[in-house]
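Chemist: Dumping the structure here so I can ask a few things about it.
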Amino acid sequence: MAQPRTPHAPRTLPDDLGRSVRIGAVRRVVSLVPSLTEAVAVTAPGLLVGATDWCTHPAGLAVARVGGTKNPDVRRIVALAPDLVLANEEENRLSDLDALRAAGVPVWVTEIRTLEQALTSLDRMLTGACGLARPGWLDEAEAAWRGVRPPGQPLRAVVPVWRRPWMVLGRDTFAGDLLRRLGAPPLHAAHPERYPALAIGELNASGPELVVLPDEPYRFTAEDGPEAFPGVPVALVSGRHLTWYGPSLAEAPALLGAQLARRARHCEPGT
């Protein structure tokens, strides 16, 4: 684990969106993003004092819970007196972050759409904003992904992330970038929307060579999801390793690669 450096004098740093954040010594952190929660908790146990109800890792995390990513309890967060709140431009609402800023709480916002962005953003957040030494797991994650070599010919994949309605990975998504590196580029990566809602008939008609079904945010299973894509190979994968950016990145290429390799052809019942 990384230990805090000598406490910083107050300083101003730009977050991932280029917004200046005035930061002093960081001893109390609230995270509004599950990935960032795990990153801080593993790197510097004791620094984190609050997290959302959706922050499930590391296991046994004992901090104050402050609501959801989309509906955090601003008053509760302010009452925790954090030196810094960690957020993400996709997962958190601007209105909540502005309310925290209005209450005098420094807010650091990340933007992560690619693996490179994730690795750079995590380093800046942990070492620059939080004042920690660079953690070993971040070096391990970089090394793990540096060694990825997609097997054979890429398979164009439909990648649903929700059902009722069906929503899939579109353009500029972190998960899409990981799948591209693993040889399963999302078929809808050129769609104008990042998470387009498309009818199941349209998804099947698009000619997928593979369907990738993660177990979050929607919990796809062998019994819920594959039946909608008759005759198409389906890979059930770990949603946390596909969509989280943090310590899980170190094991993600090996785990996701194995899960993609184990894809099985699911046909209609009775065939």
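Chemist: Can residue 128 be described as farther than 17 Å from residue 67 by Cβ, touching a residue at least 40 places away in the same chain (Cβ under 8 Å) and touching a Leu at 6+ places or on another chain (Cβ under 8 Å)?
Modeler: Answer is yes for this residue.
Chemist: Can you name every one of the strands (runs of 3 or more DSSP E) wholly within the stretch 168-271 that holds 1 or more residues which are surrounded by fewer than 20 Cβ atoms within 10 Å (Cβ to Cβ)?
Modeler: 232-237, 264-266
Chemist: Would you say residue 104 is open to solvent by less than 40 Å² (accessible area, probe 1.4 Å) and either assigned to a loop (DSSP other than H, G, I, E, B) or within 21 Å of residue 20 (Cβ to Cβ) (or both)?
Modeler: In short, no.
Rundown of residues vs (1) of a type in the set (Ser, Thr, Tyr); (2) touching a strand residue (DSSP E or B) at 6+ places or on another chain (Cβ under 8 Å); (3) under 17 Å from residue 119 (Cα atoms); (4) modelled with pLDDT of 95 or more, yes/no style:
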{"position": "234", "(1), (2), (3), (4)": "no, yes, no, yes"}
{"position": "237", "(1), (2), (3), (4)": "no, yes, no, yes"}
{"position": "245", "(1), (2), (3), (4)": "yes, no, yes, no"}
{"position": "249", "(1), (2), (3), (4)": "no, no, yes, yes"}
{"position": "252", "(1), (2), (3), (4)": "no, no, yes, yes"}
{"position": "256", "(1), (2), (3), (4)": "no, yes, no, yes"}
{"position": "266", "(1), (2), (3), (4)": "no, yes, no, no"}
{"position": "270", "(1), (2), (3), (4)": "no, no, no, no"}
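Chemist: Quick check, is residue 99 open to solvent by 10 Å² or more (accessible area, probe 1.4 Å), free of Cβ contacts under 8 Å to residues at least 60 places away in the same chain and closer than 18 Å to residue 134 by Cα?
Modeler: It is false that residue 99 is open to solvent by 10 Å² or more (accessible area, probe 1.4 Å), free of Cβ contacts under 8 Å to residues at least 60 places away in the same chain and closer than 18 Å to residue 134 by Cα.
Chemist: Could you list, in sequence order, the residues of the stretch 107-128 that are within 19 Å of the chain's Cα centre (by Cα) and part of a helix (DSSP H, G or I)? It would help to see each step written out before you state the result.
Modeler: We begin by selecting, within the stretch 107-128, every residue within 19 Å of the chain's Cα centre (by Cα); these are 107-126.
Across the stretch 107-128, the qualifying residues are 115, 116, 117, 118, 119, 120, 121, 122, 123, 124, 125, 126.
Chemist: Taking the stretch 35-57 on its own, how many of its residues are under 15 Å from residue 84 (Cα atoms) and under 12 Å from the mean Cα position of the chain (by Cα)?
Modeler: 3
Chemist: Looking only at residues that are of a type in the set (A, V, I, L, M) and not in a helix (DSSP H, G or I) in the stretch 64-101, which one is nearest to the chain's Cα centre (by Cα)?
Modeler: Among residues in the stretch 64-101 that are of a type in the set (A, V, I, L, M) and not in a helix (DSSP H, G or I), the one nearest to the chain's Cα centre (by Cα) is 87.
The values are calculated or read from the model by the stated rules, or taken from the named source; none is laboratory data. These figures come from a predicted structure and were not determined experimentally. Because the Cβ atoms are built from the backbone with ideal geometry, glycine has one as well, and the counts that use them run over all protein chains shown. These accessible areas exclude ligands, DNA and RNA; they are computed on the full protein's heavy atoms, side chains included. Shrake-Rupley method; radii C 1.70, N 1.55, O 1.52, S 1.80 Å.
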